[in-house]
Amino acid sequence: MNPNPSAPVIEVKNLTCGYGETVVLQDVSFVVHPREVLLVIGGSGCGKSTLLRCLIGLLKPFQGDVAHFGRSFTAADATQRREILKTFGVLYQNNALWSSMTLAENVSLPLEEHTSLSRADREEIVTLKLNEVGLSGSEKLYPSELSGGMKKRAALARALALDPEIVFFDEPSEGLDPITSREMDRLILQVRDILGTTMVIVSHQLSSIFRLADRVIMLDPKTKGIIAEGKPKELAANSKDPRVRDFLNQDTDSAKPTSRTPEVATEVHSP
Amino acid sequence: MTAAHPSPAGNAGHNVATAQLATGSSGSDCVVKVGGDWRLSTSVPTWKELFGQHTATDVRVVSDGLGKWDSSLLLFLLHGRAWCVESKHDFVTEALPENLQNLLRKVVESGTPKPKAIPTATGLSERAQTLAMHFSNVTKENISFVGECALGFVSVLKHPRNFRWMDCLVEMQQCWVSSLPIVSLVSFLVGVILAFQAAIQLRPYGAAVFVADLVGLSVVREMGPMMAAVIMAGGIGAAFAAQLGNMKVDEEIDALETLGISTVDFLALPRLLAVTLMMPILALYANVLGILGGMFVSATMLNIPAAAYWVETQNRVGLSDVTSGLIKSVFFGLAIGLAGCLRGMKCKRSAAGVGQATNSAVVTGILLIVIADAVFALIFNVLGI
């Protein structure tokens with residue numbers, strides 16, 4: 001971790017959240033530094049997506065606070081909330097492009113809602129953004145006419161429409177082939193380098209973790225919180241926690257049958 | 001591992017699975033010889049059949065021309081093992097193929113996992129409590145949604161330029177296009193049916209011409225707006241719920257929310273306004289078709305000329321009758337729109353959730369229509385309209 005002189009972009013303090021009566025994360029605290037690529041990692045069901053939903057304000061935490069640039073998101077009223085919402089973009093797992101609108105309209109809607117730009121200016125920015133993600137000329141296409149990789153890039157263009165300070169990603173390489181996934185990762189880094197955007201990424205893809213992360217935080221379903229924090233390579237090599245080493249060294253793990261239930265057994269008993 | 005394993009002996013072809021019981025060499029134990037192809041899809045011997053009332057002994061299982069095998073054999077051996085363990089006897093499988101033994105050992109080591117019990121409310125009071133909680137939550141959600149819509153309408157009146165008129169027009173077009181043919185057919189038939197029924201009752205008294213009064217009044221005051229509304233609830237209400245539900249599943253609604261866009265203003269209001277505006281127009285159309293249906297029956301069956309029928313209708317059906325029907329239909333439209341949008345936006349994040357939302361939108365819509373109709377019947381009665 002490199003100490004950063006400037007104030008943290010996001011500060012999470014003693015966050016406890018979940019759904020209904022189920023607590024998914026308990027007493028989680030961490031910060032996100034400016035311009036860094038932070039990956040939230042962990043196995044399925046460890047609360048990565050829940051944490052993300054808290055960070056972007058879709059889920060109200062039971063306790064604790066999420067602050068963007070020193071402004072509390074949890075305690076914000078409607079106007080403050082709108083101000084904070086303007087400062088970040090989100091790329092959803094299913095892309096969440098509005099299917100009834102063309103790509104241009106998808107990218108243009110945030111501009112329409114949050115700026116007073118003229119129609120012509122908006123159109124120009126849309127072209128610019130689509131160009132940035134390598135989709136120039138696809139303005140008139142509908143999301144259903146795009147391939148998986150193109151949809152991801154279109155969603156990124158939409159997330160970048162307002163030139164946000166932070167972009168959140170939910171599984172950016174989910175459902176992509178290795179090459180497209182690598183391109184997506186390259187695109188993310190390129191955007192960070194050019195625009196200086198802070199990136200918070202939820203992922204469980206090993207290759208992406210090592211390619212992208214400046215820093216990772218790892219969540220665990222049993223402890224309901226963070227079990228490791230640091231640079232992925234250092235964690236993979238030096239972590240004292242076997243769960244962390246196991247996760248980050250998946251290709252070298254093979255001689256540990258005890259850590260998993262034998263697949264055969266479950267299969268036999270399932271009917 | 002449950003797939004077929006090639007037998008070491010290379011015993012190809014389809015042999016019937018066999019299990020034979022024999023007394024062992026020492027006399028105190030049994031030997032079970034398993035052979036043939038053991039397939040889940042075919043009938044295989046069971047341990048119960050084989051041993052029946054046999055007294056418990058040590059058991060040794062050996063292979064006797066064992067062909068391909070799958071989980072059926074594993075199950076057979078597990079039953080055997082359980083049988084032996086229960087009576088504290090040995091169950092020896094050393095003579096079986098290596099991979100089968102490994103598999104068996106793994107299953108035995110991991111134990112028989114029982115499905116975890118999901119804590120559910122058991123007592124009557126507990127269940128009632130959960131139900132009441134659920135009901136109060138849902139009511140709260142519904143009321144707050146209606147409130148948000150009302151606030152949205154107010155802000156549309158204040159700043160009409162911010163409203164998404166294009167979306168509203170598209171939805172209006174959808175209402176019109178998708179329900180016009182079916183509304184035409186149903187309304188016409190309703191007119192025909194009413195005329196038939198009235199004719200049967202009125203003809204013996206020589207009062208056949210009053211068919212026009214009866215059809216005219218019941219269509220204009222009740223059946224026209226009602227039938228149009230029910231059809232719209234089934235068509236447009238369901239479509240709203242399905243569209244919005246699908247948007248919810250695909251996180252499109254989340255994407256709007258994280259942009260700070262009010263989903264009620266953006267998605268619900270245009271649809272709500274569209275169906276509320278279109279409903280009276282469709283009801284009027286249904287009225288016309290219903291009266292035409294009655295006219296058709298009168299002209300063909302009762303020998304009342306269309307002109308006479310029209311004059312009779314005009315004499316009896318006043319503007320207040322038509323307006324009362326149209327006023328009702330405005331509220332029917334509102335009910336359909338609210339039910340559809342609410343169910344869609346509160347949809348669960350799954351394919352089954354979309355189905356439930358659609359179903360519930362139609363049911364709620366029709367229920368609200370009938371309730372509204374009853375309330376209006378009461379109000380009009382009091383006002384003497």
Fill in the blank from the handout: With a ≥ b ≥ c from the Cα gyration tensor eigenvalues, square-rooted, and the rule rounded for a/c under 1.5, otherwise prolate when a/b > b/c and oblate otherwise, region A:1-75 is oblate
Problem - When each of A:Lys48/A:Lys233; A:Lys152/A:Lys240; A:Lys86/A:Lys151 is checked by Cα-Cα distance, pairs over 32 Å - result: A:Lys152/A:Lys240
Completion exercise
Taking every DSSP bridge whose two residues both lie in chain A, the antiparallel percent to the nearest 5 is 55 percent
Exercise for the section: Report, in degrees rounded to the nearest 10, the 0 to 90 angle that the Cα long axis of helix B:238-249 makes with the longest principal axis of chain B. Expected result: 50 degrees
Exercise for the section: Sticking with the crude label model, points 7 Å out along Cα→Cβ, report the distance from A:Thr22 to A:Tyr142 in nm, one decimal please. Expected result: 3.5 nm
Handout entry: Residue-averaged [θ]222 nm for the protein assembly as shown, counting only DSSP H segments that reach four residues, each worth -39500 (n - 2.57)
Key = -17500 deg cm²/dmol
Practice task
Per residue of A:53-59, count partner chain C-beta atoms within 10 Å of its C-beta, then hand back the mean as an integer.
Solution key: 2
Problem - Mean separation of Cα contacts under 8 Å, 6 or more apart, over the residue count of chain B: relative contact order % - result: 16 percent
Problem - Reach of B:Lys68 by Cα under 15 Å, taken over aspartates and glutamates that are not fewer than 8 positions away in the same chain - result: B:Asp37, B:Glu98
Exercise for the section: Please work out whether the protein assembly as shown counts as rounded, prolate or oblate from its C-alpha gyration tensor, where a ≥ b ≥ c are the square roots of the eigenvalues and a/c under 1.5 means rounded, while otherwise a/b larger than b/c means prolate and anything else oblate? Expected result: oblate
Problem - Angle in degrees between helix B:165-202 and the longest Cα principal axis of chain B, rounded to the nearest 10 - result: 80 degrees
Practice task
Figure the gain on full extension for A:Lys222 and A:Ser99 (residue separation times 0.36 nm, minus the Cα-Cα span) and round it to one decimal in nm.
Solution key: 40.5 nm
Problem - Eligible aspartates and glutamates near B:Lys140 by straight Cα distance, threshold 13 Å, same-chain separation 8 or greater - result: B:Glu148
Fill in the blank from the handout: Each label sits 7 Å from Cα toward the beta-carbon; between B:Ala351 and A:Arg81 the label points are separated, in nm, by 3.4 nm
Handout entry: B:Thr323/B:Ala82 FRET efficiency (R0 60 Å; Cβ-Cβ; nearest 0.05)
Key = 0.15
Exercise for the section: Note down the net charge around A:Lys13, summing +1 for each Lys or Arg and -1 for each Asp or Glu among other residues with Cβ under 10 Å from its Cβ. Expected result: -3
Practice task
Under 26 Å Cα to Cα from B:Lys88, which lysines show up? Leave out anything in the same chain fewer than 8 places away.
Solution key: B:Lys33, B:Lys48, B:Lys106, B:Lys114
Problem - Centre separation in Å (Cα based) which lies between region A:63-132 and region A:233-248 - result: 36 Å
Practice task
Rank by packing, highest mean first: peptides B:213-222, B:330-339, B:141-150, with packing defined as the count of other Cβ atoms within 10 Å averaged across residues.
Solution key: B:330-339, B:213-222, B:141-150
Problem - Förster-model FRET efficiency, 60 Å R0, B:Glu49 and A:Asp246, C-beta, rounded to 0.05 - result: 0.80
Practice task
Calculate one ³J(HN,Hα) per residue across region B:227-233 by plugging θ = phi - 60° into the Karplus curve 6.51 cos²θ - 1.76 cosθ + 1.60, and present them in order as whole Hz with x for glycine and proline.
Solution key: 5, 4, 5, 5, 5, 5, 4
Problem - Average beta-carbon neighbours from other chains, 10 Å sphere, peptide A:90-96 - result: 5
Handout entry: Average other protein chain Cβ within 10 Å of Cβ, residues B:99-106
Key = 2
Practice task
Relative to the longest principal axis of the C-alpha atoms of chain B, give the angle of the C-alpha long axis of helix B:319-345, reported between 0 and 90° and rounded to the nearest 10°.
Solution key: 30 degrees
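No lab work stands behind these numbers, since they all come straight from the coordinates. Bear in mind that the values here come from a model prediction, so they are computed numbers and not experimental data. Methodologically, a virtual Cβ is constructed for each residue, glycine included, from the backbone with ideal geometry; neighbour enumeration extends over all protein chains shown.
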